[in-house]
Amino acid sequence: MKNIKLTIAYDGSNFNGFQIQPDVRTVQGEIEKALKRLNKEEVSIISAGRTDTGVHATMHVSNFFTNALLPAEAYKFKLKKYLPADISIIESEEADENFHSRFDAKLKKYRYIICNSKEFYPHQRNYKLHIKHDLNLDKMKAAGELLKGEHNFSAFMKLGQDKNPVRNMTNIEIYQKDDDIFLEFEAQSFLHNQIRIMVGLLIDIGRGFREVNYVNEIFDKKIKRAAKTYGPQGLYLIDIKY
């Protein structure tokens, strides 16, 4: 039996997230259907993580076990016939039999893209968040520094979704190219909606609704809700390190 590792990219606009669910279109569901057609066997893939409805990925990792004789490298090409246009297999390779795409992941990196411009075009709506108001990038960067490190991020999660809210944010980078502001977050794992709420807080600070030190107040005073949850359209999973 082979353990096959897939590196996957997808446009999340028309998916109800990655994880398979009954009666809705998901990335995992489409890949498992394609594998069944290719290998003529039922396959359940193991995912490095779950992305929500509308979230995109340029590098998502999964693995699966199979008795099929097809060489691991061939899945990259053979699956294309059976997959929809909004999913692509970037790489396929044989992994060690003990490799687990979720438990072996050491670091995940997400990028959130904000279009900070007065003008916004319809074709951008599924791929960037539009904020037409001026944003103070220096204050956002200073707040990002305070979010780094190990903290109780309970104010940054969907209520009732995670039993342990402590996470270690190993890095946050914020930079601008033309009209786009990029917010990049690195950690071993994230809480449900954590990034989208952190984006909400950073936008509040960038617009002047909150001061930079409000980040410390959230952690010190155990504020229950840090900010609103912004939409998924600007969020991309861009890297996983093992």
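The values are calculated or read from the model by the stated rules, or taken from the named source; none is laboratory data. These numbers come from a predicted model, not from an experiment. Ideal geometry is used to build each Cβ from the backbone, glycine not excepted, and the neighbour counts take in all protein chains shown. To get the accessible areas, we keep the full protein, side chains included, count just its heavy atoms, and leave off ligands, DNA and RNA. Shrake-Rupley method; radii C 1.70, N 1.55, O 1.52, S 1.80 Å.
Structural remarks
- Model label zone, F77; criterion: amide N under 19 Å from point 7 Å along Cα-to-beta-carbon; scope the stretch 19-52: 35, 38-39
- Neighbour-limited loop hits for chymotrypsin sites (Phe, Trp or Tyr not before Pro), the stretch 180-239 (at most 16 other Cβ within 10 Å; DSSP other than H, G, I, E, B): F209
- Taken one residue at a time, the phi angles of the stretch 131-141 give Karplus couplings (6.51, -1.76, 1.60, θ = phi - 60°) of 10, 7, 7, 4, 10, 7, 5, 5, 5, 4, 5 Hz. Gly and Pro are set to x.
- The E41 and E150 beta-carbon pair, evaluated with R₀ = 30 Å, returns a calculated FRET efficiency of approximately 0.10.
- Carbon plus sulfur fraction of accessible area for the chain, probe 1.4 Å, in percent: 47
- Sites listed here are GluC sites (Glu not before Pro) in the stretch 24-80 whose DSSP assignment is loop and whose Cβ has at most 12 other Cβ atoms within 10 Å: E41, E42.
- Mean ellipticity per residue at 222 nm, deg cm²/dmol - from DSSP H runs of n ≥ 4 across the chain, formula -39500 (n - 2.57): -6000 deg cm²/dmol
- Between D138 and F99, the distance separating the two model label sites (each 7 Å from Cα on the Cα→Cβ line) works out to 4.7 nm.
- Pairs over the 18 Å Cα-Cα cut-off, from the set K108/K148; K33/K78; K106/K222; K109/K228: K106/K222; K109/K228.
- Exposure ranking of R50, R225, R125 by accessible area [1.4 Å probe, largest first]: R50, R125, R225
- The residues of the stretch 89-242 expose, per residue, 53 Å² of accessible area to a 1.4 Å probe.
- Summary of the geometry: the stretch 125-173 and the stretch 38-113, compared by the centres of their Cα atoms, lie 27 Å apart.
- Distance in nm between pseudo-label sites at N171 and H123 (7 Å out along the Cβ direction from Cα): 3.2
- Karplus (6.51, -1.76, 1.60) ³J(HN,Hα), θ = phi - 60°, over the stretch 173-188, in Hz, Gly and Pro reported as x: 10, 10, 8, 10, 10, 6, 8, 9, 9, 10, 10, 10, 10, 10, 6, 5
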